[in-house]
Each structure stands twice: as structure tokens, then as C-alpha cells.
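No lab work stands behind these numbers, since they all come straight from the coordinates. Just so it is clear, the structure is predicted and the values come from calculations on it, not from any experiment. Every residue, glycine as well, gets a Cβ built from its backbone with ideal geometry; the counts of neighbours run over all protein chains shown.
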Amino acid sequence: MYIGPCGLGLGHITRCDAIAREFSNEGVQVLFSSYLDALDYLKRSGLTYFSAIPLSFRTREDGTIDPKMTMSQNGVTVGLWGFIRQLIGEVQQISAFNPDVVISDTRISTLVAAFVMRKPRILILNQYSVQMPKDNRKHRFADRPVLFAGKIIWKYISAMLELAWGVSDLIIVPDLKAPYTISRYNLAIPPGIRRKVRLVGPLTPPKLKPTNDAANVSRSRPLVFACVSGPATDRKYLVNKLTEILKGFPGDYELILSCGDPNGSCGGKRVENLVVHEWMTEQSYWRTFERADVIVSRAGHETIMKAVSEGKPLVLIPPPNHTEQANNAKRAEELGVAVVLDQSRLDAAELAGAISRTLRDNKESVVRLSETLGSESGIRAVIGAVSQLVSPVR
């Protein structure tokens, strides 16, 4: 099996890792292909991988996507050439590895390469229509032609992406079925493609076995788990902001911050009232997630789905101009599982109020939503789909 997850942030690679582990347990050989943050994760996890040509947006210091910088520094020619090189690499690796099935997690190059090589192909995604990041800043008159050209180019790129998604044999959406779908506003799927789509629920690993740790039995203070993910610049900004806020938080809460840095050291470091982990092992992360009373994070789809599956209310802080995460946050708030904060107004008072509100108002709603999942496993659904797709080939 060949798996190509998007390398921006850790959401795509962690759910692909969960799938790969299940297949590995059944004796299936797995090769990953990715770049940037996901590549760091693969190196740290000791998984077999191919290093792909990196593709990314340009971001400002606060983690927001900068359309002007992306256009001026990446440009159409440079970006297209980078994609072509990534595509060539995918074709070469798939040809050499000769997998029975290819899984692309929001990677066009992996999907197109599998199509070219006539391999069965599954697409995992939670955003079908990729919208241009909103940019409400005032720009100089001289910059406006570049931004205008960027909007036109983005429309063509978005249209090409939607066409490319369609070459998949099956589209897996790791989300709840209607009317509870978190990524609802990001799934404008054309009628002709919908027959390929399956909503399977979260792609999260099985729950860990209970321990005898007294902290898991009773706790006098609510545990707030701030787990930061996303591209490096975005992650660094929010980590610094939350560290400054949480270290002076009242002693009414137990506070743990995961920085989500695949290159960071393991082990917690106390900073006043806060315990900071640069990196947490999978087991440590999941133990903390299961113990938590409230989750503070960006509005990445994977983190929201983890929280819903565990019945944990959320405080979401989406990047200011990240359309996908803004839509996720809006939907989570509509479903009564989260309080959404504006990053530009984030301070101790705002965060404390949001944590208090989500514990008071959203706890019962998120538990009810988690119960709609039943005993079905998203990962097992993917395994079943792969078996059905590959069996005619054998």
C-alpha cells in the first residue's frame, strides 16, 4: 500500500498513520510519501517513507496565509514546476513500489500519479472545494494587480483541483453523517461525484486500555489540554501566545500544552502554572486527550473529530484568514460543541471566559454527538473499502 498525505501540519499524517498501523498489523507493507511537517513526523515515528518535493503557502508571523507573498515568491511558474517535480517523483515511487492500492490524503500529485499508473486509488479529504484565503488587510495600490491576478489564477487552480479529485475510485470523508457533518461547508461536491463519497466517521486509533493512574480516577480541577498543530509558523505563533496566557492562569485548572513540534523533545516542562510538552508520544498524547475536560486548539478537522469522538467540548482559535478552519469552527459552534475565539482578541480574560462557557454549555451536546458514532470504526470502514476495491484486481 502506498499512502501520500498532505504535508502541511499533522492532521493528515496522523490519520493516515492510524490507517497504516491497522494494515501493518494484517501484514500489509506500507510506504508513505510526504514533505514538510508530515515528513518530520514520519522520520520521528520510524515509518518507511519517500521524501516528496515540498509545496506550501507563504505565511505571516501570526500564521495567517499571505496571498501576495505566495504569488510573488512562489509564482505560477515556480509553483507549477514544483508540482510537476512532485508528480514525477510520485510516478517513479509508485512504479518502483508497485502497490496494490494508493491512498491520497488531500494530495493531488499522489492521486494523479496513481491514475497514470492505473492503480486503484482512494482519496481521503474533508475539503472538496478549496477556497482562496480571505485577506481583509489594506494593500498598496501597486500590490493590487498582483492580488487581482492571484484571484483569477486561484479560480482556475480550484477548478482543476475539483476535476482532479474526481479521478479517485472512492472518496473517504472522515466525518459524521448528515445532519452532524463538521466539514459540511467545505464539501460542495458535484452531483456526478457524490456516488463515490463515503462518510465513515473519525479515523482515530482504538481507545487505550485504562490504567491504574489515580489521576484518571478522580481530579479536583478540570484539565485543560491545549494541543497546537498546523504548519510551523502558525504553530509557533499560537504556542507562544498560549504559553504567555496559560502560565499565569488561575490555579482552578490543570493546564497542559502540547506544542506539536515533531522535532521537539519529549517530556513535560513546568512554566509556572502550565506544563509544556514540545512533543508528546502517541500514548502520552492520547492519555492526556482522554483525561481532558476541555480541548483548546486551532480548528483543524482532525482535532475537532478527535474531540467529538471522545466527547470533549472545545475552544477553537482558527487562523484569521483560513477559510477551511473558519468553516469548521462555525459548524462546530452551530452543533453546540465549541466556543470560537477570534485570534486578534485572544487574551487571558477571553480564553478563561471561553473555557468556562464551553464547560458549562457544550459538555452535554458533545457527549450526545459522540454517541451518534456508535461502535462503528472509521479505520475499519477504510480497510473494508480497500478490500472491496483491490479484490477484483487479484
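In table form, for the structure just shown:
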item	result
Gained length - Arg380 relative to Leu163, 0.36 nm times residue gap less alpha-carbon distance	75.3 nm
Karplus-derived HN-Hα couplings along the stretch 228-242 (A = 6.51, B = -1.76, C = 1.60, θ = phi - 60°), whole Hz, x at Gly and Pro	9, 9, x, x, 3, 5, 4, 4, 4, 4, 6, 4, 4, 5, 5
From phi via Karplus (6.51, -1.76, 1.60), per-residue ³J(HN,Hα) for the stretch 110-122 in Hz, x at Gly/Pro	5, 5, 5, 4, 5, 5, 4, 7, 6, 9, x, 9, 10
Student exercise, the stretch 214-371 dipole from Lys, Arg, Asp, Glu Cβ charges, in Debye to nearest 20	200
Spin-label pair Asp342/Ile88, simplified geometry with 7 Å Cα→Cβ offset, distance in nm	4.8
Residue-wise HN-Hα coupling along the stretch 305-310, computed from phi with Karplus coefficients 6.51, -1.76, 1.60 (Hz; x: Gly, Pro)	5, 4, 5, 5, 5, 9
12 Å beta-carbon shell around Thr358, net charge (K/R +1, D/E -1)	0
Reference-scaled alpha-carbon Rg (2.2 N^0.38 Å with N residues) for the stretch 214-371	0.95
Neighbour-limited loop hits for GluC sites (Glu not before Pro), the stretch 348-380 (at most 13 other Cβ within 10 Å; DSSP other than H, G, I, E, B)	Glu376
Taking Tyr2, Tyr128 and counting other C-beta atoms within 10 Å, the order from fewest to most	Tyr128, Tyr2
Built amide H within the under 5 Å cut-off of Val340, gap 5+	Leu316
Likely footprinting exposure, Trp286, Trp165, fewest C-beta neighbours within 10 Å first	Trp286, Trp165
Relative contact order of the stretch 214-371, pairs being alpha-carbon contacts under 8 Å that are 6 or more residues apart, as %	20
Amide H within-cut-off set for Leu10, under 5 Å, with H built and near neighbours excluded	Gly230
Amide H within-cut-off set for Asp105, under 5 Å, with H built and near neighbours excluded	Gly4, Cys6, Ile124
